[in-house]
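Reviewing the structure listed below.
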Amino acid sequence: MRQTCSGSWASDALAECRGYTVPVPTILRFRGFNIMIFVDDHHPAHVHAIGHDGFIIFDLGCPSGPVAVRERKGIKRNEERALEDFLNDNVVILCERWREIHGQ
């Protein structure tokens, strides 16, 4: 059963809420968002962008994109589009980091 997290969307609070006891690496930062890959996460390859009192999860479409929104909460459409463009510009790097962290 998936745990529902509420309150602060700061990266440490979200990681703690989801039960992570290991660090959650911030891979990139963009306009106040931390772009993170959770170390014990599931496939398909994806990133969590957390900031501005919300979060958005993008599937990476490895190895070369394009990224696609899977889930979001509290993110404005213009922020979503800006993040999507930024992640598409960096998708190869993000896919490489996913493979380094998850071994696949």
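Below is a table of values for the structure above.
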quantity	calculated
Fully extended contour minus Cα-Cα distance, from Ile93 to Ser64, at 0.36 nm per residue	9.5 nm
Karplus-derived 3J(HN,Hα), 6.51/-1.76/1.60, for each residue of region 75-90, Hz, glycine and proline x	10, 6, 4, 5, 5, 4, 5, 5, 5, 4, 4, 4, 5, 4, 5, 10
Cut-off under 5 Å, modelled amide H: who pairs with Asp41 long-range	none
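Where a number appears in this text, it was derived from the coordinates with a stated rule and is not lab data. Everything quoted here is computed from the prediction, not taken from an experiment.
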